[in-house]
Every structure is written in C-alpha cells, then in structure tokens.
Amino acid sequence: MYLKTLDLGGPLPDSPLSFLSSEVRTVADAATTLTIHMPEYHPAWLVLLFGCGRGCDTTSTKVVLTNTRTTQVTKAQSVELDVHFHLMTPQQRLIVELWYDNVFGTWAFRELPQCVMLVSGVARDAKGRPAAGQKVSLQSGGSTFTTVTDPAGNYSFFACHIKPGAASLMAQNVRTPLQIQRVPVRQDLRLP
C-alpha cells in the first residue's frame, strides 16, 4: 500500500519524522437468500371420497418464506512509522516513496529522481515568525508529498511525478488549495 512521498532537503530536524496511515474497509462477506415456495394445497379427490366428505374444509393454502442474511466485515488498520534521515549537506535533497506491505507488515522505501522545484514557500506561525521543523504535505493527483521546513520556515517540493492541476497544501491541520502548473508556484503558509 502506497503511503506518501517524502521530498526532503537539508538540514533536517534532529527528531524523527512520524507518519501514521489509517485504513478502514467494509466488505460484504456473504449474502444468502433462501426462498421456499409451496404450491397451493387442495384436498385430493381420495380425501373427499373416503375422508370427511362434503363437510371438509376445502380452503387452499399457499406458503412463501423468504429469508435473507447479509454479513459485513469491517477491517481497520493503523500503521505508524518513525524515520530519521541524515543528509550530508544543506543542498542535498532526498525524494523517497514510503510503502507498507499489509500482508507481511513491513516497510519499503524507493528513492526517486529529483526535478525542478514546482512548489515552494515560507511557513510562518500566527505571530509571523518562521515555523521551523514543520511537516508540510502536498496532495496532488492522488499522491501525498511531504517535506519539512528549514530553520527559516522555507519548504519546497522537487518530486518529478507531481501532477499539474488542483492540489492542496496541509500543515498543522490548515489546508490551503492551490493550482499546480508546469512553472514554479509559490505559496506561503500561515500556521496557527
């Protein structure tokens, strides 16, 4: 299961980066329908001949029984990863995809190539000071890219597979919509 893409530039914070992924799936496990039809019942001619005769009750009966049973299974799973990357120089960048194997419960990382900077900006707190060491996520084209602000609050995304179109930036539960183009986009963030 693909989780997200990390787009990191040095220097990185000393504390590990934490990522939490939750998935809830509801699957219809079994659906069974049982229907029983009984034809109309009329007393047979022998009953009329040898049985109770003309005084018998000759009403007809029809029975239809339907029973439907559906079972649903809801599966919830949360996985958390604390990862610490070390970059040798402030100019070095690392772009890595995070994958989680649901069957074996293991993590996989894949390094991706770096392209030109498509989205950048400065994250500031409510008082206008640079927000250092904050995670900033970019959601675009069904993928999530995450980076960390530097000491001056700067962030940037260099991943090659960021798709143009409608996207959003997320930092400290503040979502900012933006439009990604093939030219660099600058979007400053104001955090609470």
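A few notes on this one:
- Maximal additional length on extending the Val174-Trp107 stretch stands at 21.3 nm, based on 0.36 nm per residue less the C-alpha distance.
- In this rough spin-label picture, where each label sits 7 Å from Cα along the Cβ direction, the Ala152-Gln92 distance is 2.1 nm.
- Lys127 versus Leu191: modelled label distance in nm, points set 7 Å from Cα along the beta carbon direction: 1.5 nm
- Within the range 102-192, DSSP assigns beta bridges of which about 85% are antiparallel (rounded to the nearest 5).
No lab work stands behind these numbers, since they all come straight from the coordinates. These numbers come from a predicted model, not from an experiment. Every residue, glycine among them, receives a Cβ derived from its backbone with ideal geometry; neighbour counts consider all protein chains shown.
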